[in-house]
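Nothing in this text is a laboratory measurement; each read-out follows from the coordinates by a stated rule. Keep in mind it's a predicted model, so treat the numbers as computed, not measured. Heads up, the Cβs are rebuilt from the backbone with ideal geometry, glycines too, and the neighbour counts pull from every protein chain shown.
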Amino acid sequence: MIFFGIYMLVSLIGLGTGLYFILEKIFPGADPMLKLSELLIYWLFFELFVRYFMQKLPVLDVKPLLLLPIKKSTITHYVLGKSIFSIYNFFALFIFIPFGIVLMMHGYPMPLVLFWFLSILGLVLMVNFINFIINKSDKALIGLVLVMGTVRAVEYFDLMPISKYAGDVFYTLYENPLLAVIPLLFAVIGYSVNYRFLRNRIFLDASLKKKNKEVVSSDMGWTKRFGSIAPFLRLDLKLIWRNKRTKMQVFISLAMVLYGLIFYTMDDFGPQSPMLVFVGIFMTGIFLMNFGQFIPAWDSAYYSMMMSQNIPLRKYLESKAGLISVSVVVMFLLSVPYVYFGWEALAINFSTALYNLGVNIPVILFFGSMNKKRIDLARSAVGNMQGTGAAQFLVGIPLFGAPMLIYMALVFFVSFNVAMIVLSVLGIIGFVLRKPLLDKITNVYRKKKYGMIAGFKEKES
Amino acid sequence: MISVQNITKKYGTQVVLNLSNLEIPKGQSFGLVGNNGAGKTTFFSLLLDLIRPTTGYIINNGIQVDVSEDWKPFTSSFIDETFLIGYLTPEEYFYFIGELRGQNRADIDALLANFADFFHGEILGQKKYLRDLSKGNQKKAGIVASFIGNPEVIILDEPFANLDPSTQIRLKAIIKDLAEQQEVTVLVSSHDLIHVTEACERIVVLNKGEIVKDIQTSTETLRELENFFAG
């Protein structure tokens, strides 16, 4: 995940640096700064939207402080003040600071740009505090979505050029440096509203209490058709859906189907480049990797129960394999539109999906037997590296390296078509041999059982 | 039912458990007491094959536990809250355990109906995840889950801790009933001498991994134990 963080950072800075030129290209002749001002309102909505789901005020952290001789007002200021340094506030800055630097290099007056930074800072903090206010109700979300939808619709049907008006407002902020006071003032107001709300609620039974949402329980009768693995499948689905980190991975996996666009739109890669095999394995196998690499650590919290319960380990693994297989098929279906870039794209994604199904699923389950690090499901998803060990890095070699090497060798010595067929056939062979392979893997898990139980018991990671 | 042969468990050079011979007949309610570090949980973990014995072995109903897994269908246990699946509701958890032990929903519902007063209306139908229940209620759920599927051996580690007084009294009656009426072998460890002497017909005292007392419970037992632990 640390790599993911750095990747995000670099992407944002890259976007910030390139933004000026992108705007110049899309809107030739227009002032990029004016265009950015028009888009800013969408950015702020977007940020609010993301924050609504991801960012919570860390009020629970103050529980231990309540018993100490510290004034409640100090505690409130501490919580709110701390939120100013939240990572979410830096996202915008990582885009707009490089953008501002590019502006200055293009002759925009430095004092104006610097004061414009202040305005942006004020707006970001304002969004930060608005989020904490609206976060408390679902109705606010509906309202937010409605407002966003209306703005977009009004814009789309040419009823009123809202983003133009908003753009004028934001551009005025840029032209008149002293007006930077206004967004900053809004941020201060947001802060004080939050302060007043929170100060009166620092009690264990009020805002500091964890909110227990009513559980919507479903017996998932449709899983019955899977026979003896059904109970485990149900457990896995609940595991994924009811825990933040696993749920995040589903969304990340679905979003990653767009990853190929980066490579397919670049002219540097021909339609038969080995890089596209990497992309194929990655896109169809993203869930396989994200979820599979932490099997069986997902169940680490209750692993000793699983091992003393009347559980056939084989069925347990079969259910995991089944779940991952479904994800590979879904990801392949989502990747079908890549056929737009030529039939080779479809062929690559299809053969890599088969390869993932037949070969990489057993491989990742086998590597799972090396997992000894506990995963605490209750912990949050962002930047959570729990359970990551050497095995997680080693597993990348066979997952990606093997198919790419096979592909490169065959394309070089024979042809693209043969390479595709060989990858597919390997996948089919693996699929046919799944039963004996799973038997072997089950034995490995059995042998490593004591080590896993002991490892999963250790809380610190 | 359970036969322990020369079992030892060492971590490095430290011996944490050393039992030369221990026989627990079928249908006995067996209490295990001892201070922290006496080896109670180690013994239970060995019984459940969660840790590997350094020497010796345990036979459960004719099956050597570290060789075959066939003891699992008739043995159930609740050691601590890590035996619960936090993201399930109590009902889902009971049904899941039921499925593992070949019980359908109706069987489980019938069993749970017997424990209505044990649950005190705080477990079923709450629409809460197990991880959001209080410690005491989690314990209740785990204990009842260990009764699912008509096990012949039930292992409970510290079942009385964290329970409210009414439930402690009910649990004592349940343990007695299981052993006397249903021929279930119940193994219980406890720090509470009063409860364990009332619930169990046999008490074994562990100290630093060794058996120091093996008593058939009588009216004198509580005093005997108190004298031992006071000294």
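Pairs to check: A:LYS372/A:LYS447; B:LYS139/B:LYS172; A:LYS247/B:LYS128; A:LYS449/B:LYS172. Give those whose C-alpha atoms are more than 24 Å from each other in this structure.
Over 24 Å Cα-Cα: A:LYS449/B:LYS172.
Just the Cα atoms of the stretch A:2-199: what Rg and Dmax do they give in Å?
18.4, 62
Test of understanding: what is the full-extension gain from B:SER166 to B:GLN64, defined as 0.36 nm times their sequence separation minus their Cα-Cα distance?
Stretched out fully, the B:SER166 to B:GLN64 stretch lengthens by 32.9 nm.
Distance in nm between label sites at A:THR265 and B:GLN216, each 7 Å beyond Cα in the beta-carbon direction?
Distance between the two pseudo-spin positions: 8.5 nm.
Amide H of B:SER77: which non-local residues (sequence gap of 5 or more, or other chain) have their own amide H closer than 5 Å, using H built in the peptide plane?
B:ILE155
Using the Cα atoms of the stretch B:2-230, I'd like the radius of gyration and the largest Cα-Cα distance, Dmax, both in angstrom.
17.4, 51
Restricting to the protein assembly as shown, what percent of DSSP beta bridges are antiparallel, rounded to 5?
55 percent
What full-extension length gain, to one decimal in nm, is calculated for A:ILE142 and A:ILE87 as 0.36 nm per residue of separation minus the Cα-Cα distance?
17.3 nm
Against the longest alpha carbon principal axis of chain B, how many degrees, from 0 to 90 and to the nearest 10, is the axis of helix B:165-182 turned?
Roughly 70 degrees between the two axes.
Extending each Cα 7 Å along its Cβ direction at A:ILE397 and B:ARG52, get the distance between those two points in nm, one decimal.
Roughly 2.5 nm, to one decimal.
Could you identify which residue out of B:THR221, B:THR13, B:THR185 has the top mean-square fluctuation in a GNM of chain B using Cα springs shorter than 10 Å?
The residue with the greatest mean-square fluctuation here is B:THR13.
Run through all the Cα pairs of the protein assembly as shown and give the fraction in each 20 Å bin from 0, expressed as whole percent.
Computed distribution, short to long bins: 14, 38, 33, 13, 2.
Could you tell me which trypsin sites (Lys or Arg not before Pro) in the stretch A:128-189 are loop residues by DSSP with no more than 13 other beta carbons within 10 angstrom of their beta carbon?
Those that pass, being in a loop and sparsely packed, are A:LYS136.
Taking amide H positions as placed 1.01 Å from N in the peptide plane, with prolines and chain starts having none, which residues 5 or more places from B:ILE7, or on another chain, fall under 5 Å of its amide H?
B:LEU19, B:TYR57
How high is the relative contact order of chain B, given as a whole-number percent (alpha carbon pairs under 8 Å, six or more residues apart)?
28 percent
Grab the other residues whose beta carbon is less than 14 angstrom from that of B:LEU19, score K and R as +1, D and E as -1, and report the net.
Surrounding charge for B:LEU19 is +2.
Between B:ASN6 and B:SER134, what's the calculated FRET efficiency when r is the beta-carbon distance and R0 is 51 Å? Round to 0.05.
After rounding, the FRET efficiency stands at 0.75.
Sort out the exposed loop GluC sites (Glu not before Pro) in chain B (DSSP loop, at most 14 other Cβ within 10 Å) and tell me the longest stretch that has none.
The answer is B:1-182.
If I take R0 = 45 Å and measure r between the Cβ atoms of B:GLN181 and A:LYS56 in this structure, what FRET efficiency does the formula 1/(1 + (r/R0)^6) give, to the nearest 0.05?
Approximately 0.30, to the nearest 0.05.
If r is the Cβ-Cβ distance from A:LEU67 to B:GLU122 and R0 is 25 Å, what FRET efficiency results, to the nearest 0.05?
FRET efficiency, A:LEU67 to B:GLU122: 0.35.
Lys and Arg at +1, Asp and Glu at -1: add these up for the other residues within a Cβ distance under 14 Å of B:THR55 and post the number.
Value of the local net charge: +2.
Any chance you could give the angle, 0 to 90 degrees and rounded to 10, that helix A:87-105 forms with the longest Cα principal axis of chain A?
60 degrees
Radius of gyration and Dmax for the stretch B:1-83's Cα atoms, expressed in Å?
Both quantities, over Cα of the stretch B:1-83: 12.5, 36 Å.
In chain A, once you exclude exposed chymotrypsin sites (Phe, Trp or Tyr not before Pro) (DSSP loop, at most 10 other Cβ within 10 angstrom), what's the longest stretch remaining?
A:158-461
How far is helix A:72-84 tilted off the main Cα axis of chain A, in degrees rounded to 10, range 0 to 90?
70 degrees
All other residues with a Cβ under 12 Å from the Cβ of B:VAL65 taken together, and with Lys, Arg as +1 and Asp, Glu as -1, what is their net charge?
Value of the local net charge: -2.
Can you give the helix-only mean residue ellipticity at 222 nm for chain A, where every DSSP H stretch with n ≥ 4 adds -39500 (n - 2.57) and the sum goes over all residues, rounded to the nearest 500 deg cm²/dmol?
Rounded to the nearest 500, it is -22500 deg cm²/dmol.
About its Cα centre, how strong a charge dipole does the protein assembly as shown have in debye, to the nearest 20, once Lys and Arg get +1 and Asp and Glu get -1 at the Cβ?
For the protein assembly as shown, the charge dipole is close to 600 debye.
Could you state the orientation-averaged shadow area of the convex hull built on the Cα atoms of the stretch A:221-457, in nm² to one decimal?
Hull-based average projected area comes out at 13.2 nm².
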